[in-house]
Amino acid sequence: MKTSFWKAGHTPTLLAAFFYFDLSFMVWVLLGPLAVQISRDLGLSPAQKGLMVATPLLAGALLRIVMGVLVDHLKPKKAGAIGQVVVIAALLWAWLGQLNSYDAMLSLGILLGVAGAAFAVALPLASRWYPPEHQGTALGIAGAGNSGTAFAALFAPSLAIAFGWQNVFGLCLIPLGVAFLVYMVFAKDAPAAPPAKALVEYLHVLKDKDAWWFMFFYSVTFGGFSGLASSLTIYFNSQYGLSPVTAGYFTAACVFAGSMVRPLGGIIADRIGGIRTLSIMYVLAAGFLFIASFGMPSYLAALAVFVVAMLALGTGNGAVFQLVPQRFRKEIGVMTGLVGMAGGVGGFYLASSLGYSKQLTGSYQLGLTLFSSLAILALLGLTMVKTRWRTTWGSAAMTVAKI
């Protein structure tokens, strides 16, 4: 018999995980909204701007593996606490140190990647409290921490004008300190956590081809989301001449749309199945990214197209993580790290490719078209595996969740 969602798990942990995740993502993509002002002061080329905003995404992707291992060995709460201390120390250095070169910005980008690794902590921290039929909703709520990327786009450019872009890193310490206290007081590890595995056992999961499918699927949905979150401020500034603040507002609207629907994606997936939800989202994402590649005649039209694309990508993020715990419940810690890593790699690819596309061809069309093609490939891959998934681990005999 199913229990109601709010009685099935541990709400304080779920909300603390969301808050921690939210602010971590805010600082993870912080270089994107500040990129126009930073690149003006440091004289960066379009390709350098693209690589600067993409570096935290790649670092965060790789560090999610490390954090996934820590989650299984130290338990999620302790691993998350360590990550938060590292990020706070990195922001202190960024605030008080010398950030006067491209290399220094890349170094900061690597350190901010630790914040992106929060994904590998917050999701298992929440997930382990909930039964299979509520995984989509629980992970959708925890994963809505993606909305932190909107806060960065919304406030960072204005704060940079008022106080200087380097002081923005110091201002971020205030909300991060609050989040750290909330996390330490309210978050608890689930009592039924799976036992830790030997390090070599983590490689075993990669022998399962479903692990690679999930990594590919998430590299498109989350890669599209995070890549656009880091790049759209630059895009709106260079494509339409919007000021950094206005471009940040436009980016925030897109990111807010994509992050807020992530829980909805989980809820829809719980009701109609993750495969069906994800299939629809790939069609929408591919279509609207392709339309965006032609360059809309006005910035309002571009805003509308990117909002729809982000809605599809955000819903897809929730749908992927309705499926992953059903297939890899015992390996959820390491799988969250692996799938999250793939998502970050997708974001790095999109953000850096947009920069190179602009520098080499003078427009963003090539970068957006290639990423749209990846969404089509993901749809074809999902079509190939869906029958097997629905008749094996996703069958009614194996789980009460809809696949």
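Keeping every protein chain in place, order I332, I65, I174, I82 by accessible area at 1.4 Å, biggest value first, i.e. largest first.
Numbers: I332 10, I65 55, I174 110, I82 80 Å².
Reading off the accessible areas and sorting them downward yields I174, I82, I65, I332.
Tell me the relative contact order for the chain as a rounded percent, counting alpha carbon contacts under 8 Å between residues six or more apart. If you can, show how the numbers build up before the last one.
Values: 789 pairs, mean separation 108.1, N = 403.
Computed over the chain, the figure is 27 percent.
How large is the convex hull of the C-alpha atoms of region 118-257 per residue, in Å³? Don't skip to the end; give the middle numbers.
Working: hull volume 21.9 nm³, N = 140.
Enclosed volume per residue, from the Cα hull, is 156 Å³.
Rounded to the nearest Å, what's the spacing between the alpha carbon centres of region 241-258 and region 1-39? Just the number, please.
Their Cα centres are 20 Å away from one another.
What is the packing order of peptides 85-96, 223-234, taking the mean over residues of other C-beta atoms within 10 Å and listing the highest first? All intermediate terms of the calculation are to be shown ahead of the outcome.
Numbers: 85-96: 17.2, 223-234: 30.2.
Final packing ranking: 223-234, 85-96.
Which value, in Å² and to the nearest 10, is the accessible area of T221 when all protein chains are kept and the probe is 1.4 Å?
My reading of the accessible area for T221 is about 0 Å².
How much accessible area does E331 have with a 1.4 Å probe, in Å² rounded to the nearest 10?
Roll a 1.4 Å probe over it and E331 shows about 60 Å².
Lysines within cross-link reach of K78: Cα-Cα under 18 Å, excluding same-chain residues under 8 positions apart?
Within reach: K188, K197.
A17: net charge of surrounding residues, Cβ under 12 Å, Lys/Arg +1, Asp/Glu -1, itself excluded? Provide the component values of the computation, followed by the final result.
Working: positive: K77, R128, K188; negative: D22, D189.
Net of charged neighbours comes to +1.
What ranking of W165, W129, W389 comes out by heavy-atom accessible area, probe 1.4 Å, highest first? Display every interim value, and only then the final one.
Details: W165 30, W129 55, W389 0 Å².
Heavy-atom accessible area, descending, gives W129, W165, W389.
Over the Cα atoms of region 1-59, what Rg and Dmax result, in angstrom?
18.9, 62
As a test question: what accessible area, to the nearest 10 Å², does Y235 have when a 1.4 Å probe is rolled over all protein chains in place?
10
Quickly rank 113-120, 376-383, 268-275 as a protection proxy: mean count of other C-beta atoms within 10 Å, highest first.
Top of the packing list down: 113-120, 268-275, 376-383.
Is any helix in the chain, taking whole DSSP H runs, at least 18 angstrom long along its axis by alpha carbon and on average at least -0.5 on the Kyte-Doolittle scale, and which ones? Mind showing how you got there, number by number?
Numbers: long enough: 11-28 (25 Å, 1.27); 46-74 (41 Å, 1.21); 76-96 (30 Å, 1.26); 102-116 (21 Å, 1.51); 148-163 (21 Å, 1.74); 173-186 (19 Å, 2.46); 209-240 (43 Å, 0.37); 244-272 (40 Å, 0.97); 274-293 (28 Å, 1.65); 299-327 (42 Å, 1.33); 332-361 (42 Å, 0.85); 365-391 (40 Å, 0.92).
TM-like helix candidates: 11-28, 46-74, 76-96, 102-116, 148-163, 173-186, 209-240, 244-272, 274-293, 299-327, 332-361, 365-391.
Could you compute the net charge surrounding G314? Neighbours are other residues with a C-beta less than 15 Å from the C-beta of G314; K and R count +1, D and E count -1.
So the surrounding residues net to 0.
The values are calculated or read from the model by the stated rules, or taken from the named source; none is laboratory data. None of the values given here were measured: they were computed from a predicted structure. Here the Cβ is made from the backbone with ideal geometry for all residues, glycine too, and neighbour counts use every protein chain on show. Calculation scope for accessible area: heavy atoms of the full protein, side chains included, ligands and nucleic acids excluded. Shrake-Rupley method; radii C 1.70, N 1.55, O 1.52, S 1.80 Å.
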